[in-house]
Amino acid sequence: MNIGWVAGIALNLVHLRTGRWTPVTRAASIAVSILQLVILVLLITGPDIVALTPELLTGGGFTDPGAAETVVPWVGRSIRIGLAFGILGTTVEIVQGIVRLVRAGNSGRLVP
């Protein structure tokens, strides 16, 4: 994840320096987005991100053990739903970047 963040920051710094999109920065942006997509897929298919148990909730002040057992699976599901939205957004970003890169190549100018 850190490599993806550093790559994104480096790309933004290059983009700020040049002041415009170039085919190289557009391709780099697509590559960074693909890296982010891979990370999101690994996160959603891997083990739970939050190690939450009903015992942990009841020990932390949750008074009803039955409610704690109901809440725990929903926390994991909601995190996976959030990651799924991240995958969807990143996929749209990749497709938009590819379309802009192709349009720029066909028209001779770069689309923002």
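None of the figures in this text is laboratory data; all of them are computed from the coordinates on show. In this text, all values refer to a predicted model and were calculated from it rather than measured experimentally. FYI the Cβ positions are ideal-geometry reconstructions off the backbone, even for glycines, and counts take in every protein chain you see.
Pairs please, first residue from segment 82-101 and buried (at least 17 other Cβ atoms within 10 Å of the Cβ), second anywhere and among the charged types (D, E, K, R), Cβ atoms under 9 Å, 6+ apart in sequence or on different chains.
Between residues of segment 82-101 that are buried (at least 17 other Cβ atoms within 10 Å of the Cβ) and residues that are among the charged types (D, E, K, R), the close pairs are Gly97/Arg26; Arg100/Arg26; Leu101/Arg26.
Being of a type outside the set (A, V, I, L, M) and over 14 Å from Ile98 (Cβ atoms) is the filter; apply it to segment 26-49 and report the residue that is surrounded by the most Cβ atoms within 10 Å (Cβ to Cβ). Talk me through it step by step, then tell me what you get.
From segment 26-49, those of a type outside the set (A, V, I, L, M) are 26, 29, 33, 36, 45-48; that's our starting set.
Of the ones still in play, those that are also over 14 Å from Ile98 (Cβ atoms) are 36, 45-48.
Working: Gln36: 21, Thr45: 9, Gly46: 8, Pro47: 6, Asp48: 11.
Filtering first and then ranking leaves Gln36.
Pick from segment 17-68 the residues that are of a type outside the set (A, V, I, L, M, F, W, C) and in contact with a Ser or Thr (Cβ under 6 Å, 6 or more places away or on another chain): which of them is farthest from Gly82 (Cα to Cα)? Reasoning before the result, please.
First, the residues of segment 17-68 that are of a type outside the set (A, V, I, L, M, F, W, C): 17-20, 22-23, 25-26, 29, 33, 36, 45-48, 53-55, 58-61, 63-66.
From the residues that got through so far, the ones that are in contact with a Ser or Thr (Cβ under 6 Å, 6 or more places away or on another chain) too are 33, 36, 65.
Working: Ser33: 17, Gln36: 14, Pro65: 26 Å.
Ranking the qualifying residues of segment 17-68, first place goes to Pro65.
Within the group Ile39, Ile30, which residue is in a helix (DSSP H, G or I) and touching a Leu at 6+ places or on another chain (Cβ under 8 Å)?
When all the criteria are applied, what remains is Ile30.
Looking at segment 33-80, which of its residues are under 30 Å from Asn12 (Cα atoms) and without any contact (Cβ under 8 Å) to a residue 12 or more places away in the chain?
Taking segment 33-80 and keeping what is under 30 Å from Asn12 (Cα atoms), we get 33-46, 49, 79-80.
Passing the criteria: Val38, Leu42, Thr45, Gly46.
Looking at segment 14-24 only, could you name the residues that are assigned to a helix (DSSP H, G or I) and crowded, with 16+ Cβ neighbours inside 10 Å? Outline the logic, then answer.
At the first step, the residues of segment 14-24 found to be assigned to a helix (DSSP H, G or I) are 14-18, 23-24.
If the condition is that a residue be assigned to a helix (DSSP H, G or I) and crowded, with 16+ Cβ neighbours inside 10 Å, then His15 is the only one that fits.
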